[in-house]
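The values are calculated or read from the model by the stated rules, or taken from the named source; none is laboratory data. The model shown is predicted, which means the values in this text are computed figures rather than measured ones. Glycine also receives a Cβ, built like all others from the backbone with ideal geometry; neighbour counts cover every protein chain displayed.
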Amino acid sequence: EAELQSRDTPEETSEEATPPPDVGSGGFDEIPEALLNAIWQGDISAGQTVTGTLAEGEIHSWSFWEGPATIDITLSGDETFDGVLELYGPDGALLYTADYGLGGDDEQLSAVDIPDGDVYTIVVRDFYSNPADYTLTVLLSEG
């Protein structure tokens, strides 16, 4: 199980959203707005660092599918970036979130267990929807 960098637990969302046309055999009732509105940036692998630029109001998503693995995910930016880092499971459910720092602080999810090779989605956004440059890193967990 992932170890969050704070005393808080993952957030649950109650925002209503329309599911995609094909929800698969497992199905799900709703998809969080952040996941629906995210602009896909590509795949990210363990051991990789990527950079991105959020325009005002943008949300970015990255796909990770190299399970089984235990990973650390780190989101960094400049002193004005108030980053929010979220991890969604293959069914679109929010698994973990990190939003504990202030502008310029890194956000991190540590020792996240990815039990299979399904697609997991990492979502990056600014808390205030401001434009920002960011760096996203995924590493195999040492712990």
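Would you pick out the residues in the range 66-112 that are within 12 Å of residue 137 (Cβ to Cβ) and of a type in the set (D, E, K, R)?
72, 106, 107 - these are the residues of the range 66-112 that are within 12 Å of residue 137 (Cβ to Cβ) and of a type in the set (D, E, K, R).
Kindly indicate the residue of the range 86-129 that is hydrophobic (A, V, I, L, M, F, W, C), under 11 Å from the mean Cα position of the chain (by Cα) and under 21 Å from residue 56 (Cα atoms) and also surrounded by the most Cβ atoms within 10 Å (Cβ to Cβ) among those meeting that condition.
Only one residue tops the list, namely 124.
Can you tell me which residues in the range 80-106 are among the aliphatic types (A, V, I, L, M) and farther than 14 Å from residue 134 by Cα?
Passing the criteria: 87, 93, 94, 95, 98, 102.
Looking at 112, 119, which one is among the hydrophobic types (A, V, I, L, M, F, W, C) and over 14 Å from residue 46 (Cβ atoms)?
Answer to the check: 119.
Can you name the condition, by its number, that residue 44 falls short on among (1) under 13 Å from the mean Cα position of the chain (by Cα); (2) at pLDDT below 50?
Going through the list (1) under 13 Å from the mean Cα position of the chain (by Cα); (2) at pLDDT below 50, residue 44 breaks only (2).
Under 19 Å from residue 33 (Cα atoms) and of a type in the set (Phe, Trp, Tyr): is that true of residue 100 in this structure? Before the answer, list the steps.
On the way: under 19 Å from residue 33 (Cα atoms): no; of a type in the set (Phe, Trp, Tyr): yes.
The answer is no for residue 100.
Out of 72, 82, report the one residue that is among the charged types (D, E, K, R) and in contact (Cβ under 8 Å) with a residue 60 or more places away in the chain.
Only one candidate qualifies: 72.
Answer with yes or no whether residue 70 is farther than 24 Å from residue 36 by Cβ, over 11 Å from the mean Cα position of the chain (by Cα), modelled with pLDDT of 95 or more and in a strand (DSSP E or B).
Answer is yes for this residue.
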